[in-house]
Amino acid sequence: MLELENICKVYQMGDTEVRALDGVSLTIREGEMVSLMGPSGSGKSTLMNIIGCLDQPSSGSYRLVGREVAELGEWDQARLRNQEIGFVFQSFNLLPNLTALQNVELPLIYAGMSTAERHGLARQALTRIGLEHRIHHKPRELSGGQQQRVAIARALVNQPKLLLADEPTGNLDSKASVEILAIFQELHRRGMTIVMVTHEPDIANYTQRILRFRDGKLVADESNHQIMIDR
Ligand code: ADP
Ligand code: ADP
């Protein structure tokens, strides 16, 4: 699915350099569910931005679904991002004035579909995630767990191959967190590749593999005895 080779990212801060990533090499195969862990400032977000084609490395090679990302123009990178990657964030990032359905439709607007097609697909995505009775609600009328489910439906509506989640349970109580993890496990069972940043060992334990970072370096790559949730 994706392959990073000797990835470095250097930020220039005045006359000092910040080495956010320092020679990271790793491969994530199709269908894997992986957690990224490490202290604050260890480079996890920088890495997620590179994996998500939101940012470019300073050096090194990044291949996503067989394509060398640096060789693509901006337009093709945006297309790759929109078609192949779904994003989920800690703060949900839903538009507050749109309903759940309208939020989920957003990625489809760029795909240039008819309104009826968009409604159909968005409704389907929300139904799959158990929110068919909430499609006309605005984010503020939903619980945190429900908002994150809307965000997941939005991330999946384009049928991406890769789901990137940055602290997806960071703003949720433990019951809602378990619900979100159960959804991820179901997606994983159906073949989705999932890469998730988390601070919480309990959350990372739901994944197959844990990658640990420190000072911009990958310091451990652990296979995990996966815990399955029955909902
Ligand atoms: P994490 O997600 O693990 O907390 P980050 O990837 O956010 O780590 O940060 C890694 C390092 O890069 C930190 O030292 C951070 O201060 C620095 N950094 C991140 N983004 C920028 C930026 N846009 N400009 C300058 N330095 C940055
Ligand atoms: P689900 O069946 O999707 O889990 P629930 O009906 O159990 O959803 O509701 C989950 C939470 O969301 C409850 O705490 C409920 O009070 C809250 N909730 C549901 N609908 C609304 C609404 N329209 N406005 C505010 N809160 C709501």
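Some notes on this structure:
- Multiplying the residue separation of Ala111 and Thr16 by 0.36 nm and subtracting their alpha-carbon distance yields 30.0 nm.
- Cα gyration tensor, the range 74-178 - rounded (a/c under 1.5), prolate or oblate: oblate
- Average accessible surface area per residue within the chain, 1.4 Å rolling probe, Å²: 50
- Sorting 40-52, 123-135 by their mean Cβ neighbour count within 10 Å, with the most densely packed peptide first, gives 40-52, 123-135.
- Antiparallel DSSP beta bridges within the chain, percent to nearest 5: 55
- Normalising the average separation of contacting C-alpha pairs (under 8 angstrom, six or more residues apart) by the number of residues puts the relative contact order of the range 18-114 at 16 percent.
- Charging the Cβ of each Asp and Glu at -1 and of each Lys and Arg at +1, and nothing else, the dipole of the chain about its Cα centre rounds to 660 debye.
- With helices as the sole contributors, the chain gives -10000 deg cm²/dmol at 222 nm; each DSSP H run of n ≥ 4 counts as -39500 (n - 2.57), and the sum is divided by every residue.
- Inter-centroid distance (Cα atoms) of the range 78-93 relative to the range 160-231, Å: 16
- Violating pairs (Cα-Cα greater than 19 angstrom) within the set Lys9/Lys44; Lys161/Lys217; Lys138/Lys161: Lys161/Lys217; Lys138/Lys161
- Net length gained if the chain between Asn93 and Lys175 were fully extended (0.36 nm per residue, minus Cα distance): 27.5 nm
The values are calculated or read from the model by the stated rules, or taken from the named source; none is laboratory data. Just so we're clear, the structure is a prediction, and the values are computed from it rather than from any experiment. As a convention, Cβ positions derive from the backbone with ideal geometry for all residues, glycine included, and neighbour counts pool all protein chains shown. For accessibility, only protein heavy atoms count, side chains too; no ligands or nucleic acids. Shrake-Rupley method; radii C 1.70, N 1.55, O 1.52, S 1.80 Å.
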